[in-house]
Amino acid sequence: MSIIEAQGLARTFTARKRKVEAVRGVDLTVGGGEIVGFLGPNGAGKTTTLRMLTTLLRPTAGTATVAGCDLLRDPVGVRRRIGYVPQAIGVTAGGTDPNCTVSEELTIQGRVYRMSAADTAARVSLLTNQLDLTGLESRQCKTLSGGQRRRLDIALGLIHSPAVVFLDEPTTGLDPQSRSNLWEHIASLREKLGTTIFLTTHYLEEADVLCDRVLVIDHGKIIAEGVPDELKRRISGDVVTLSVNGDSGRAEAILAGYPGVREISVDGNAIRMTVEHGEEALPGMLRTLDEDAITLKSIQLARPTLDDVFLTLTGRSLRDDSPSANGHPAQSQEPRPQDDELADAGRPGRS
Amino acid sequence: MTATVATPPDPTSQLDADGQAQWQRPALLTFLGDTVLIFRRQLRLSLRNPAWVIIGLIQPILYLAFFGPLLARIAKAGALGVSAHNPYSFFVPGLLIQLGLFGAAFVGFSIIADWRAGVIERFRVTPVSRMALLAGRVLRDVVTLTVQAVVLVLAGLAFGLRAPVAGVLISIGFVAVVGVTLSAVSYAVGLLLKSEDALAPLLNMVMVPLMLLSGIMLPMTLGPHWLRAVAKVTPFGYIINAMRDAFAGHYFNTIMVEGIAVSIGMAIIFLWLASRAFVKENA
């Protein structure tokens, strides 16, 4: 059963009497219990789409049903049933008041979802435990580390046990350890509670590690979707590198005609190929080479990364747009709608 | 409010089923309940860092101490046309309005900080009444302002203010209503501008002339005809006149009716306008 369903979702901004289409007709379906990653460079329309699905931004066109409620007719119904964790770095931060304590923030969050005081207290103690916030309850948010604060942001989004959680760039700005720690927490959400998770990211590793399915968005449209592995295979194939003893030219001639081999290049005695289903093709290739008395020094099989996928799909590397983990936080956020316009307006000139 | 709702045995269960009964609450009760939640949160934050409450009080008390005695001398010389034996009943109402003007008008800065921290957006995604996000904050400001006003009146007594209790209470009521107007406007403008750099000059540009034209320090009757005419079209003069009458023990006259009509009328209009900024779909 699908928990998020959108048809033709679009958002147009008007900037200086010019219309800018930040999102132009997004169709998507997310099934109950799925972890779906929304992948794309800055200004692609990720955050704008997420803000529409969470009732923060009214779509200019299209319809959507989120957690059984119509986005346009029953936004309050949607709000009751979803959890939302905003981006932590950018124009606006993750949503906690620096002077509030951890338990104050969690408690009021439960209360605004109309949970009774007793239910709220029970949820708060459960969540502080699950998200490793125990012992921090009376600390002010401004004294928390980046990872702790992010876990608190997530706990806030989960206080009412929502069926679906939206995470906007959940790990942006965190150090690698906090990041993989947060990944574990997110994965266990689904394992233990069956929570559906819809997250945006521009970290390929994140989509790779966490997501069952990836939607790639660019220029406000979804340009590809699929299981990360399938997507990688479908679009780029695997990279097989063989080092041969002796005549690499002869080996190249044999392999070039081998079924499934797309691209082949020779560098010294190393032959580099892009092969569909590389892991299945490899044994056969080795046998063929063996029959022709070509012996091998080494074999390498590399899966393409989602970055390769993105490059193939858009002609641009995702990394050109994505910040490094220790990069400049001021530039690392997805622009807000206002900036989206600028980003989109400036796009034709970009390479 | 929650007595009729069965508590789910398992706190991790999905909220939907058990939440239903509460979602059926009348909208007004929801709004009031949410307002109280936000009010308590904001009040707790104010108490945690009371510096601003105290700073807000220092300015009028400085006026009381350093300007009041001068005014009292002039009044005694009969140049002001105000009560010679009780000049503070003229001066303290002015300071009360000044407290309201500058205490409540600058709260918009805090909403920008809240917006930047993502707090506004976080609450806008919850089912909390969006109007309560404004009302709870305004209520906190009005409470703060009322406490400050009481302290200021007590300080005035030390300087020689003499006024009937009823008149003082009415005046503090006026300050509270002015506080509603200014704090609501300030929050709405802050939320729309989202920039301290834009809000600060705007507030100064609007508030300083309004303060000067309200006759806080000196009676506007001293002014030339054109100045009085300009003052007539600004709102605070009507309110301050009513407050001065209350301090003098005159409760039933047209000045009082005008003051009440202007203050409550403004509060309703601006509260309504401000709530639209908070309720609108996109922010």
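No lab work stands behind these numbers, since they all come straight from the coordinates. None of these values were measured; they are calculated from a predicted model. Note that we place each Cβ from the backbone using ideal geometry, even for glycine, and neighbour counts take in every protein chain shown.
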Cα-based equivalent ellipsoid, the range B:177-247: semi-axes from gyration tensor eigenvalues, Å: 27, 15, 8
Work out from phi, with θ = phi - 60° and the Karplus expression 6.51 cos²θ - 1.76 cosθ + 1.60, the ³J(HN,Hα) of each residue of the range B:213-222, listed in order in whole Hz, and give x for Gly and Pro. 7, 8, x, 5, 8, 10, x, 5, 4, 6
Compute the convex hull volume of the Cα atoms of chain A, divide it by the residue count, and report the result per residue in Å³ as a whole number. 163 Å³
Could you put A:Val102, B:Val230 in order, starting from the residue whose Cβ has the fewest other Cβ atoms within 10 Å? B:Val230, A:Val102
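Dipole magnitude of chain A about its Cα centre, charges +1 at Lys/Arg Cβ and -1 at Asp/Glu Cβ only, in debye to the nearest 20?
Charge dipole, chain A, about its Cα centre: 1520 debye, nearest 20.
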Considering the options A:Thr172, A:Ser125, A:Thr143, tell which one lies farthest towards the positive end of the dipole of the range A:125-176, charges being +1 on Lys and Arg and -1 on Asp and Glu at the Cβ, about the Cα centre. A:Thr143
The range B:25-77: Cα Rg divided by the 2.2 N^0.38 Å rule of thumb: 2.03
Under a GNM of chain A (C-alpha, springs under 10 Å), which listed residue has the highest mean-square fluctuation: A:Thr120, A:Thr196, A:Thr47? A:Thr120
Mind grabbing the base-10 log of I(q)/I(0) for the protein assembly as shown at q = 0.05, 0.10, 0.12 Å⁻¹? Debye formula, identical points on the C-alpha positions, no solvent, two decimal places. -0.33, -0.95, -1.18
Degrees between helix A:278-291 axis and first principal axis of chain A (Cα, 0 to 90, nearest 10): 10 degrees
How many percent of all Cα-Cα pairs in the range B:64-184 sit more than 22 Å apart? 47 percent
From the residues A:Gly110, B:Pro50, B:Ile216, which one has its Cα farthest along the dipole of the protein assembly as shown in the positive direction, the dipole being from +1 and -1 charges on Cβ of Lys/Arg and Asp/Glu about the Cα centre? B:Ile216
Treating only Lys and Arg (+1) and Asp and Glu (-1) as charged, each at its beta carbon, one finds that chain B has a dipole about its Cα centre, in Debye to the nearest 20, of 500 debye
I'd like to compare A:216-229, A:265-278: which one has the highest average count of other Cβ atoms within 10 Å, and what's the full order after that? A:216-229, A:265-278
So for each of B:65-71, B:126-132 I average, over its residues, the number of other beta carbons within 10 Å; can you give me the resulting order with the highest mean first? B:126-132, B:65-71
Please compute the Kirkwood hydrodynamic radius over the range A:1-154, one decimal place, Å, based on all pairs of different Cα atoms. 17.4 Å
For the range B:38-104, build the convex hull from the C-alpha positions and give me its volume per residue in Å³. 88 Å³
Relative to the compact-globule scaling 2.2 N^0.38 Å, provide the ratio for the alpha-carbon radius of gyration of the range A:91-213. 1.02
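Would you tally the net charge around A:Gly146, using a Cβ to Cβ cut-off of less than 15 Å, leaving A:Gly146 out, and scoring K and R as +1, D and E as -1?
With Lys, Arg at +1 and Asp, Glu at -1, the net is +2.
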Proxy exposure order for B:Ser195, B:Ser263, A:Ser103 (fewest C-beta within 10 Å first) is B:Ser195, A:Ser103, B:Ser263
Report, in deg cm²/dmol and to the nearest 500, the calculated mean residue ellipticity at 222 nm for chain B, where each DSSP H run with n ≥ 4 adds -39500 (n - 2.57) and the sum is divided by the residue count. -24500 deg cm²/dmol
Once you list every other residue whose beta carbon is under 14 Å from the beta carbon of A:Val30, what net charge do they have if Lys and Arg are +1 and Asp and Glu are -1? -2
Evaluate the charge dipole of the range A:21-83 about its Cα centre and quote only its size in Debye, nearest 20, assuming +1 on the Cβ of each Lys and Arg and -1 on the Cβ of each Asp and Glu. 240 debye
Extreme residue, positive dipole direction of the protein assembly as shown, given options A:Leu28, A:Val78, B:Ser83 (C-beta unit charges): B:Ser83
Please compute, for peptide A:105-113, the average count of beta-carbon atoms on other protein chains lying within 10 Å of each residue's beta-carbon. 5
Based only on Cα atoms, what Rg/Rh ratio does the range B:26-279 have, Rh being taken as Kirkwood's radius? 0.99
Hey, got the average number of other protein chain Cβ atoms within 10 angstrom for residues in A:95-102? 5
For peptide A:157-163, the mean count of other chain Cβ atoms within 10 Å per residue Cβ is 4
Over all viewing directions the Cα convex hull of the range A:81-138 casts an average projected area in nm² of 4.6 nm²
Above 19 angstrom, tally the Cα pairs of the range A:237-302 and express them as a % of all pairs, no decimals. 16 percent
